[in-house]
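Working notes, beginning with the structure itself.
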Amino acid sequence: MMSTELALDIDWSRTAWPQADGYDTQAILELSGWRPRPVGDAPSLFGGRVAVRHRAEGGLPGPKYQPAPLDHTNLAEAERILGAWPEALAQAGALLDEIQPWIDTSIPENARAIPGSSSHSEGDEFGTIMLTADHPFGTAQAIVHEMAHHKLRALGVQIMSASRIVGNDPAARYTSPIITDRKRPMTAVLHAQYSFMHVTVLDVAVYNAMPALREQAVFLLSRNVPRMEGGREEIAEHLEIADAAGEAFMDAFNRWSDATLAAGRAILDAEGYGLPEL
């Protein structure tokens with residue numbers, strides 16, 4: 001684990017989003033103390049660095065979710081889609097060591113063309129993500145989504161508590177941009193915002209880099225931009241920053257978010273979606 005002294009030496013403004021030089025990846029590796037496990041003879045992605053395996057027990061709950069083939073074509077296609085955002089592609093290969101694929105059996109065959117996914121990761125299983133492989137773009141989103149959860153945990157923010165960045169009372173509740181049927185701690189709200197901002201950045205990158213997937217990217221942006229704008233306002237109004245690390249991190253994260261949401265809005269305007277301003 002990184003010592004307190006080394007942690008204080010981190011440039012927290014460079015940990016808010018994937019950096020071209022890998023600075024944030026290295027900081028997260030030091031903070032987490034995690035090192036990838038050997039892939040062995042398992043099928044793999046990301047240049048052989050990330051194993052594709054089934055889970056021995058637990059995972060996404062059945063009978064709705066069932067293990068997917070380890071060589072499911074949507075997994076490799078999802079990696080190709082991540083290539084639209086090179087920094088995230090590189091980061092996934094460095095911060096993940098196992099992807100566990102599932103199929104959502106509740107999705108009708110004629111609906112599998114709609115981009116979406118279900119996914120999950122555990123706080124004590126850094127580097128491992130579970131996701132559905134029903135749609136390649138959805139699978140790519142799930143990879144950056146769950147990777148972002150791992151990153152934020154390493155930076156000191158768990159779902160229900162924080163040792164850094166967030167200073168709000170854990171008993172207080174706020175409106176989440178994603179889970180809308182109940183209010184959640186600010187730590188959970190920030191996790192939702194942070195993970196889905198990664199998803200939104202991917203949507204913008206795919207729109208710009210992959211013309212064949214533009215229609216799907218616009219569909220996803222029409223969902224994610226309004227949600228992230230709402231989350232941005234909730235955090236701006238209610239987040240209590242705990243420390244200097246939080247000040248630097250949130251200032252950078254907000255600038256990244258604002259630039260991404262402006263780009264997403266511009267795409268939707270150009271495509272005639274006309275989303276209402278919040």
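What is the Cα centroid distance between segment 1-80 and segment 202-278, reported in whole angstrom?
Using only Cα atoms to place each centre, the spacing works out to 23 Å.
Please report the spacing between the Cα centers of segment 87-119 and segment 153-196 in Å, no decimals.
Cα centroid to Cα centroid, the span is 23 Å.
Report the far tail of the P(r) of segment 5-155, meaning the percent of Cα-Cα pairs longer than 24 Å. Present the calculation step by step, with values, prior to reporting the outcome.
Working: 3491 of 11325 pairs.
Every Cα pair in segment 5-155 considered, those over 24 Å come to 31 percent.
Which of Ala236, Ala217, Ala262 sits farthest toward the positive end of the charge dipole of segment 215-278, with +1 on the Cβ of Lys and Arg and -1 on the Cβ of Asp and Glu?
Looking along the dipole axis, the top candidate is Ala217.
In whole Å, largest first, what are the principal axis extents of the Cα atoms in segment 199-255?
Over segment 199-255, Cα extents along the principal axes are 44, 19, 12 Å.
With a 1.4 Å probe and all protein chains left in place, how much accessible area per residue does the chain have, in Å²?
Details: 12150 Å² over 278 residues.
Accessible surface, normalised per residue, equals 44 Å².
Just one of (i) 7, 32, 38, 19, 4, 0; (ii) 6, 25, 36, 20, 10, 3, 0; (iii) 7, 29, 37, 23, 4, 0 is P(r) over Cα pairs in 10 Å bins from 0, in percent calculated from these coordinates, so which is it?
(iii)
Only bridges with both residues in the chain count here: give the DSSP antiparallel percent, nearest 5. Please list the in-between numbers first.
Numbers: 10 of 17 bridges.
Of those bridges, close to 60 percent are antiparallel.
With all protein chains present, how much of the accessible area of segment 196-278 (probe radius 1.4 Å) comes from carbon and sulfur, to the nearest whole percent? Working shown, then result.
Numbers: 1920 of 3740 Å².
Carbon and sulfur together cover 51 percent of it.
Estimate the FRET efficiency between Ala171 and Ala236 by the formula 1/(1 + (r/R0)^6), using the beta-carbon distance for r and 25 Å for R0, to the nearest 0.05. If you can, show how the numbers build up before the last one.
On the way: r = 21 Å, r/R0 = 0.85.
E(calc), rounded to 0.05, equals 0.70.
How large is ³J(HN,Hα), in whole Hz, for each residue of segment 209-217 in order, when computed from phi with the Karplus curve 6.51 cos²θ - 1.76 cosθ + 1.60 and θ = phi - 60°, using x for Gly and Pro?
9, 10, x, 5, 10, 4, 4, 5, 4
Which of the three applies to segment 131-170, rounded, prolate or oblate, going by the alpha-carbon gyration tensor with a ≥ b ≥ c and a/c under 1.5 meaning rounded?
Cα axes put segment 131-170 in the prolate bin.
Divide by every residue of the chain the summed helix terms, -39500 (n - 2.57) for each DSSP H run of at least 4, and state the resulting mean residue ellipticity at 222 nm, rounded to the nearest 500 deg cm²/dmol. Walk me through the numbers before you get to the answer.
On the way: 8 runs with 130 residues, N = 278.
When only DSSP H runs of four or more count, the value is -15500 deg cm²/dmol.
Mark the label point 7 Å from the Cα of Thr105 along Cα→Cβ and return the residues of segment 53-79 whose backbone N is within less than 17 Å of it.
Label zone hits: 55, 57-70.
The values are calculated or read from the model by the stated rules, or taken from the named source; none is laboratory data. Please read all numbers here as calculations on a predicted model, not as lab measurements. With ideal geometry, Cβ positions are generated from the backbone for all residues, glycine too; neighbour counts draw on all protein chains shown. Side chains are part of the model used for accessible areas, which takes the heavy atoms of the whole protein and leaves out ligands, DNA and RNA. Shrake-Rupley method; radii C 1.70, N 1.55, O 1.52, S 1.80 Å.
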